[in-house]
Amino acid sequence: MKLDDFDFDLPEALIATRPARPRSSARLLLAQGAATRDLSVRDLPDLLGPGDLLVLNDTRVIPARLTGTRARQTPQGEAVARIEITLLEPVADGWRALAKPLRKLKPDEIIRFSDALSARVARIENAELVLNFDATGAAFDTALAEVGAMPLPPYIAALRAPDAADHQDYQTVWARNSGAVAAPTASLHFDEDLLARLTDRGVRFAHVTLHVGAGTFLPVKVEDVTTHRMHGEWGEVTPEAAQAINDTRAAGGRVIPVGTTALRLIESAATPDGRVQPFEGVTEIFIYPGYRFRVTDALMTNFHLPKSTLLMLVSALMGQERVRELYRHAVDSGYRFFSYGDASLLIPKGS
């Protein structure tokens, strides 16, 4: 299975730099078995029914882009350097991060971002560093919200800078557990009105947490994709969420994760016979064609990057040729791609 098998041509004009407004007005490509329909996200209640369960990732994206200063005493006086920080993920002793320029930092030096927030360089490892912040918990969240910018994906950041609108746009309406540096983007299409209509329809919800890391944007660098090693991300499936999924399956309902992050997490928590267990820890699950899905009946997801692990995941669910066909249709029909783009609802034959 070669990397080029997952390549396609995408015009730059189809890369969305802003979300649809309102959120549920985004387009929705329905792929149900061999049938394809062009719809809107607001049509979702008509496509689901009582007994169906949507699995939602409730991670909260932190404003992970920071600008601060480092002061150092020299024989000529105080030398101040401007430092740009991108937080990557929490680790046992702080936050793993990137710094620009890294060469201007040494272990134990302090980077000041505001009167309320600073960080000590705990250690430097290759091209990364670990930071210890002087605030934790709610105080850290508050200080970060004041000085940080949302970490837009590289393909958006290359076209425009983040701004105040992204603090709301790049966050789901149900976000509650802080820790992600990238959004579970299929969930960005939901607003309160759509959630209410789904509830009235009898659709139920289960919340899980997967803190999406910057590794989600890392390219696959091996030609034989089966040898790729997936990045790790922390996640949790509570006993309540596991029970909701198991009860749905037992009653004959469909389990439909919203986004590849929710899908990867519940598949990580599932036993070979399809029963979901409570889970807390790091998942490195890599799903590519040939994978046997344990609990997922369908998937709502955005359109993914060429040669990406997420394109491999949807190919595993729907089949490689079917996904090629769907992506050709999406490009020809002008669907908007990637994080702020349109959505698809993928229902394999027989689900």
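Ratio of segment 211-351's C-alpha Rg to 2.2 N^0.38 Å, to two decimals?
1.05
To the nearest 10 degrees, how steep is helix 320-332 against the longest Cα principal axis of the chain, on a 0 to 90 scale?
70
Mind checking the per residue accessible area of the chain for me, 1.4 Å probe, whole number of Å²?
On the way: 15440 Å² over 351 residues.
Averaged over the residues of the chain, the accessible area is 44 Å².
Might you work out the accessible area of Thr142 for me, using a 1.4 Å probe with all protein chains in place, and round it to the nearest 10 Å²?
Solvent-accessible area, nearest 10 Å²: 80 Å².
In nm, to one decimal, how far is the modelled label at Ala35 from the one at Glu192, with both set 7 Å along Cα→Cβ?
Going from the Ala35 label point to the Glu192 one covers 3.5 nm.
Report the Cα-based extents of the chain along its three principal axes, largest first, to the nearest Å.
Projected onto its principal axes, the Cα set of the chain covers 74, 42, 40 Å.
Per DSSP helix of 4 or more residues, -39500 (n - 2.57); summed, then divided by the residues of the chain. What does that give at 222 nm, rounded to the nearest 500?
-6000 deg cm²/dmol
Straight-line reach from Lys100: which aspartates and glutamates have Cα under 15 Å away, leaving out those fewer than 8 places along the same chain?
Glu84, Glu109, Glu125, Glu128
Which of the trypsin sites (Lys or Arg not before Pro) found in segment 282-314 are loop residues per DSSP with 10 or fewer other Cβ atoms within 10 Å of their Cβ?
The qualifying sites are Arg292.
Largest first, what is the accessible-area ranking of His189, His167, His231 with a 1.4 Å probe?
Heavy-atom accessible area, descending, gives His167, His231, His189.
For segment 108-165, would you read off the P(r) tail past 15 Å as a percentage of all alpha carbon pairs?
Percent of Cα pairs beyond 15 Å in segment 108-165: 61.
Please report, in cubic angstrom per residue, the volume enclosed by the convex hull of the alpha-carbon atoms of segment 63-121.
Measuring per residue, one finds 88 Å³ for the Cα hull of segment 63-121.
When the accessible area of segment 1-124 is computed with all protein chains present and a 1.4 Å probe, what percentage of it is carbon and sulfur?
The nonpolar share, carbon plus sulfur, comes to 47 percent.
Segment 88-226: D in µm²/s via Stokes-Einstein (Kirkwood Rh, Cα pairs, 37 °C, 0.692 mPa s)?
On the way: Rh = 17.6 Å.
Diffusion coefficient, whole number: 186 µm²/s.
Could you work out what % of the accessible surface of segment 240-351 is carbon and sulfur, using a 1.4 angstrom probe and leaving DNA, RNA and ligands out of the count?
48
Could you look at segment 139-204 and say what percent of its accessible area is carbon and sulfur, using a 1.4 Å probe and all protein chains?
Ligands and nucleic acids excluded, carbon and sulfur reach 50 percent.
So what's the projected area for segment 1-89, the Cα convex hull averaged over all directions, in nm²? Kindly include the intermediate steps, with their values, before the conclusion.
Working: hull surface 51.8 nm².
About 12.9 nm², averaged over all directions.
For a bin width of 5 Å, list the pair-distance distribution of segment 252-320 built from all Cα-Cα distances, rounded to whole %.
3, 17, 29, 28, 15, 6, 1
Determine how large the accessible area of Phe217 is when every protein chain is in place; take a 1.4 Å probe and give Å² rounded to the nearest 10.
For Phe217, solvent-accessible area is about 60 Å².
Assuming R0 = 22 Å, what is the FRET efficiency of Asp108 and Arg229, from their Cβ-Cβ distance, to the nearest 0.05?
Plugging the Cβ-Cβ distance into 1/(1 + (r/R0)^6) gives 0.10.
Can you give me the relative contact order of the chain as a percent, contacts being Cα pairs under 8 Å and 6 or more apart?
The normalised contact order for the chain reaches 25 percent.
As an exercise, identify the trypsin sites (Lys or Arg not before Pro) in segment 214-255 lying in DSSP coil whose Cβ has no more than 12 other Cβ atoms within 10 Å. Numbers along the way, then the final one.
On the way: sites: Lys221, Arg229, Arg249, Arg254; in loops: Lys221, Arg229, Arg254.
Passing sites in segment 214-255 are Lys221, Arg229.
Using only the heavy atoms of the protein chains and a 1.4 Å probe, how would Asp58, Asp4, Asp93 rank by accessible area, largest first?
Largest accessible area first, the list is Asp4, Asp93, Asp58.
Relative to the longest principal axis of the C-alpha atoms of the chain, give the angle of the C-alpha long axis of helix 239-250, reported between 0 and 90° and rounded to the nearest 10°.
Taking Cα atoms only, the helix is inclined about 20 degrees.
Find the relative contact order for segment 278-351 and round it to a whole percent, using C-alpha pairs within less than 8 Å whose residues are 6+ positions apart. Walk me through the intermediate numbers first.
Values: 72 pairs, mean separation 31.5, N = 74.
In percent, rounded to a whole number, it is 43.
How much FRET efficiency would the formula 1/(1 + (r/R0)^6) give for Val80 and Arg18, where r is the Cβ-Cβ distance and R0 is 51 Å, rounded to 0.05?
0.90
Would you mind calculating the gained length between Arg176 and Ile124 on full extension (0.36 nm times residue separation, minus the Cα-Cα distance), in nm to one decimal?
Contour length minus the Cα-Cα distance gives 15.6 nm.
The values are calculated or read from the model by the stated rules, or taken from the named source; none is laboratory data. Just so you know, these numbers come straight off a predicted model, no measurement behind them. In this analysis, Cβ positions are derived from the backbone assuming ideal geometry, glycine residues included, and neighbour counts consider all displayed protein chains. Note: areas computed on protein heavy atoms with side chains; ligands, DNA, RNA excluded. Shrake-Rupley method; radii C 1.70, N 1.55, O 1.52, S 1.80 Å.
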